[in-house]
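The values are calculated or read from the model by the stated rules, or taken from the named source; none is laboratory data. Computed from a prediction, not measured in an experiment: that's the story for all the values here. Methodologically, a virtual Cβ is constructed for each residue, glycine included, from the backbone with ideal geometry; neighbour enumeration extends over all protein chains shown.
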Amino acid sequence: MTIEPLDRNRRIWDRMAPGYDRQMRSFEPLLIGRDHRPWACAQAHGDVLEVAIGTGLNLPHYPPGTRLTGVDLSPAMLAVAGKRAAGLGLNVDLAEAPAEQLPYDGASFDTVICTLSLCSVADDRGAVAEMHRVLRPGGRLVLLDHVAATNRLLLTLQRLWEKATLRFAGDYQTRHPLPMVQDAGFVVEESERFKLGTVERLRAIKPTR
């Protein structure tokens, strides 16, 4: 019997949820860097949607008073995020939903944020289109992820590593969100690469017309 990609990813992330924070504490500073989550959350304004909120590792970095909604495919990850929000005294509206099928009307949010998650979404192009749909005109998209390296040697190594990460975590190493963001109709305001070109963060705007 074939398992649908969403069901497979949900099972993977439910299984990873108990140890996810511990793994990220070990690997994120080295592979991604410490400053990017604070940068991403500092871009938030108005009604904010975090797509694939996971265990809520971004929650401590949002500005005070942020009106935050978070969605994730995995109920186990959301349970951890809910506990983290309660511990921080934050009121966050959490919902179980895939990034490709956001359960909100069009033009519902001022900011959409997705960090270190688009790499594991089954349909990344569909997810970016959904982010565009739910943003209000003039709204802001903020992405942070590991991406395909520009260096050929590094890209070759990423492709080899991807064979393992796709099998065990549904995680792509060689995606590149920037062209998809542009194709979806966003205007890119800022795009920067880090870690020898393997990490990218970007900020884009949904045009008002």
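So here's what we get for this one:
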quantity	calculated
Of all residues making up region 114-170, the number that are closer than 18 Å to LEU6 by Cα and either of a type outside the set (A, V, I, L, M) or out of contact with any Pro (no Cβ under 6 Å at 6 or more places or on another chain) (or both)	21
Positions within region 165-206 being of a type in the set (A, V, I, L, M) and modelled with pLDDT under 95, in sequence order	LEU166, ALA169, LEU196
Answer residue from region 56-74, given it is of a type in the set (A, V, I, L, M, F, W, C) and out of contact with any Phe, Trp or Tyr (no Cβ under 7 Å at 6 or more places or on another chain) and is nearest to ALA86 (Cα to Cα) among those	LEU59
Search result, residues across region 71-112 that are in contact (Cβ under 8 Å) with a residue 40 or more places away in the chain and of a type in the set (Gly, Ala, Ser)	SER74, ALA76, ALA79, ALA99, SER108
Residues of region 61-103 classified as among the hydroxyl-bearing types (Ser, Thr, Tyr) and over 17 Å from the mean Cα position of the chain (by Cα), total	1
Test: ALA107 is of a type in the set (A, V, I, L, M), touching a strand residue (DSSP E or B) at 6+ places or on another chain (Cβ under 6 Å) and not in a strand (DSSP E or B)	yes
